[in-house]
Amino acid sequence: MKTKLSVNFAGIKLKNPILTASGTFGYGYEVADIIPLEKLGAIITKTITLQPRIGNPQPRIAEAGNAMLNTIGLQNIGVKAFVEQPLSKLSKIKTPVFVSIAGSTAKEYIEIVKILRNQKPISAIELNLSCPNLKKKIICHDLPLMKEIIKGVKKFSNVAIIAKLSPLITDIAELALCVQNLGADALTLTNTYPAMAIDVKTFKPKLSTIKGGLSGACIKPLSIRCVYDAFQKVKIPIIGCGGIMTGEDAIEFMLAGASAVSVGTSSLISPKNLINIINELESILTEKKINSVKKIVGFLR
Ligand SMILES: Cc1cc2nc3c(=O)[nH]c(=O)nc-3n(C[C@H](O)[C@H](O)[C@H](O)COP(=O)(O)O)c2cc1C
C-alpha cells in the first residue's frame, strides 16, 4: 500500500507536504505548462508589496560554489495588480495558494492583508519578515515592529498567518516561541542566509548590492538545525525550507519537525524537480511501510 501523503497544515488540507518557496516559482500560473500545478501541496507565491517594486540593480544572481546568491530586492507587481491578474488565474487551479507579503511598516502589511481579505483562492498568508536584500534591517530582528505586524495582520486576516523567519538569529527557538505567542498560526524556517561572493577576475563583488541571500543544497543542514530547535519549543506547525533537492531532503526536514517543506533553488533549476521530490517522498516512505507521512513529523524528538 502506498504511503498517504496528505497532511493538515494549520487547518488547511494539503494533498502532500511539498510546497513551492516564495520567489522561486513566480506567481505560480506561469509554470502551468511545465508541471501539473494540482500535484503540488500548495503554491507559495512571490512576495508582493503594497506598491510595485522594480527590485535591486543587476547583477542580482550569482553562483557561489554549489549554492546560489540572490539580491532580487522584492521585485513585484504590487498587491492590486496581483489580485487582478495572477490571483484570478490561480483561482482555476485546485491547489491551495499561500500569498507571501512584505512591507516596511506594520501599516503596509495590514493594508495588503485588507486588500487580500476574502479574495479567493487564498488559504494562508506568509509574512516575509526575513528578506536580507533590503537596505533596512531584517524585520524579525526588530521585535517591537514584528509584534506590531503580527498582531495587526491577525486582526484583519481571515486565513492562517505564517511567519517566515531569518536564520540569522542567536536563538531561533526563542524567536519562534515569541512569534507563536504573538498569534502566528505557523512558521517558515528559513529564508536565505546573508552572504557574499567576489569575482577574482575583476576584484568586484558578484552582486550589485555586494551582499545577498545564500540558498541551495549547502544551506540544508543549517536550516534543519533551525527547524529542530524551534520544534522543541513551539506547538504551531513549521514549513521547513532550505536546500531541499530530493525526497530524502524533505524527509530529513520532517524528521526534524517540519510538517511541510518548501522548495526554492531546486525548483528554479527545474520546476519538474518538485514532482520528482513528491514521487521520491512517496516511494521511500512506501518502501519503509510507513502508512502516513504525518508519522515522521518530529520523529527525532
Ligand atoms: C531568486 C530567489 C528569490 C527569492 N525571493 C523570495 C521572496 O520574494 N520572498 C521570500 O520570502 N523568499 C524569497 N526567496 C527565498 C526562498 O523562498 C527560500 O526561503 C530560500 O531560497 C531557501 O530555500 P532553497 O535553498 O530551497 O532555495 C528567494 C530565493 C531565491 C533564490
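Values quoted throughout were computed directly from the atomic coordinates according to the rules given, and no laboratory measurement underlies them. Computed from a prediction, not measured in an experiment: that's the story for all the values here. Positions of Cβ are generated from backbone atoms using ideal geometry, with glycine treated the same way; all protein chains shown enter the neighbour counts.
Tally Lys/Arg at +1 and Asp/Glu at -1 over every other residue whose Cβ is under 15 Å from the Cβ of Cys218; what's the total?
Taking every Cβ under 15 Å from that of Cys218, the sum is -1.
By the scheme Lys and Arg +1, Asp and Glu -1, what is the net charge of all other residues having a beta-carbon under 14 Å from that of Leu187?
Overall, the nearby charge balance is -1.
Sort out for me the Cα centre separation of segment 86-107 from segment 195-209, rounded to whole Å.
Centre-to-centre distance over Cα atoms comes out at 34 Å.
Kirkwood hydrodynamic radius (Cα pairs, Å) of the chain?
19.1 Å
Could you estimate the translational diffusion coefficient of segment 1-84 from the Stokes-Einstein equation, with Rh from the Kirkwood formula over C-alpha pairs, at 4 °C and 1.567 mPa s, in whole µm²/s?
D, rounded to a whole number, is 86 µm²/s.
Cβ under 13 Å from Thr286's Cβ, Thr286 left aside: what net charge do those residues give with Lys, Arg +1 and Asp, Glu -1?
+2
Using a Gaussian network model on the chain with a 10 Å cutoff between Cα atoms, which of Val159, Val99, Val261 fluctuates the most?
Of the options given, Val159 has the highest mean-square fluctuation.
What share of Cα pairs, in percent, lie more than 19 angstrom apart in segment 205-300?
Cα-Cα pairs of segment 205-300 separated by over 19 Å account for 44 percent.
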